[in-house]
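Only one structure is covered here, and it is reproduced in the block below.
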Amino acid sequence: MSDTAIIIPCYNEAHRLKSSNFLDFLSEYKGFSLYFIDDGSTDSTLSLLKDLKSKNEDKITVYRIEKNGGKGEAVRTGMMLAYETGQYAQIGFLDADLSTPLSEFVSLTSFLIQTHKKAVFGSRLKIGGTRIDRSPFRHIVGRFFATLISWTIKIPFYDTQCGAKVFESITAAKVCQKPFVSRWLFDVEIILRLKKIWGEAIFKYLHEFPLGEWTQVDGSKISFLDGVKIPFELRKIRKNENNPEI
């Protein structure tokens, strides 16, 4: 497998970051590198990340954003850092809490390479043989907002907000050249930018991949108030879609 960079945005993750999982992963999968982007954390996250990097200097990069800018900007920063090295054929991102296991990211990447797709997005779709551990309440709320998002962007996606996505390197760079307008609905902006690139052929190059395993982890940074703001965030994203610079 060609080299792949995984961007891991971190904001106050000191009590949830499973350092041993990342080190074990790098020992087993030699073609992967990890980019931890500390998004202005106010706890000991940065210190923990620096210690983690000291245990595998060649495969771990730690980058600090001084002022918290939101998950979207952390992901965008990491994707561009990885792209600019010229070392990676694939670049993607994954949540720091490992609700999506690292092994599932390997499956996404393998599928992208084998099928010659340009982007593969993880999906928390419950089908036979999958283990998707999500509370009924979170599932219902998630489905409501996923449906609202699909209606708004007029693209039939089951799960835009799953935090596991991988791209061919040049595609990652194209969608991350400009900042996102939303701090945490940036996944929607990525999809709209891909539609601008590929038009109606978007699903020729983009695939939703049902995850084999996903586990809900407590400590989400998204509050109830953020959920209430979703329609307004979507309106802002749609308005920005017509910006010729995007």
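Every residue in region 49-71 that is part of a helix (DSSP H, G or I) and open to solvent by less than 30 Å² (accessible area, probe 1.4 Å), please. Answer for region 49-71, where residues must be part of a helix (DSSP H, G or I) and open to solvent by less than 30 Å² (accessible area, probe 1.4 Å): 49, 52. Scanning region 11-20 turns up at least one residue that is open to solvent by 50 Å² or more (accessible area, probe 1.4 Å) and among the aromatic types (Phe, Trp, Tyr).
Conditions (1) assigned to a loop (DSSP other than H, G, I, E, B); (2) of a type in the set (Val, Ile, Thr), marked per residue:
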{"position": "73", "(1), (2)": "no, no"}
{"position": "109", "(1), (2)": "no, yes"}
{"position": "113", "(1), (2)": "no, yes"}
{"position": "158", "(1), (2)": "yes, no"}
{"position": "162", "(1), (2)": "yes, no"}
{"position": "174", "(1), (2)": "no, no"}
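Among the residues of region 106-116, those identified as out of contact with any Asp or Glu (no Cβ under 8 Å at 6 or more places or on another chain) and closer than 23 Å to residue 198 by Cβ are 108, 109, 110, 111, 113, 114, 115, 116.
Yes/no matrix, rows are residues, columns are (1) among the hydrophobic types (A, V, I, L, M, F, W, C); (2) modelled with pLDDT of 95 or more; (3) at positive phi; (4) open to solvent by 30 Å² or more (accessible area, probe 1.4 Å):
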position: 81; (1), (2), (3), (4): yes, yes, no, yes
position: 87; (1), (2), (3), (4): no, yes, no, yes
position: 90; (1), (2), (3), (4): no, yes, no, no
position: 93; (1), (2), (3), (4): yes, yes, no, no
position: 106; (1), (2), (3), (4): yes, yes, no, no
position: 114; (1), (2), (3), (4): no, yes, no, yes
position: 120; (1), (2), (3), (4): yes, yes, no, no
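Applying the criterion of being farther than 20 Å from residue 211 by Cα and in contact with an Asp or Glu (Cβ under 6 Å, 6 or more places away or on another chain) to the residues of region 131-182, the residue that is least open to solvent (accessible area, probe 1.4 Å) is 182.
The values are calculated or read from the model by the stated rules, or taken from the named source; none is laboratory data. Note that the structure is a prediction, hence the values are computed from the model and not measured. Backbone-built Cβ (ideal geometry, glycine too); neighbour counts: all protein chains shown. The area values use the complete protein model at the heavy-atom level, side chains included, leaving out ligands, DNA and RNA. Shrake-Rupley method; radii C 1.70, N 1.55, O 1.52, S 1.80 Å.
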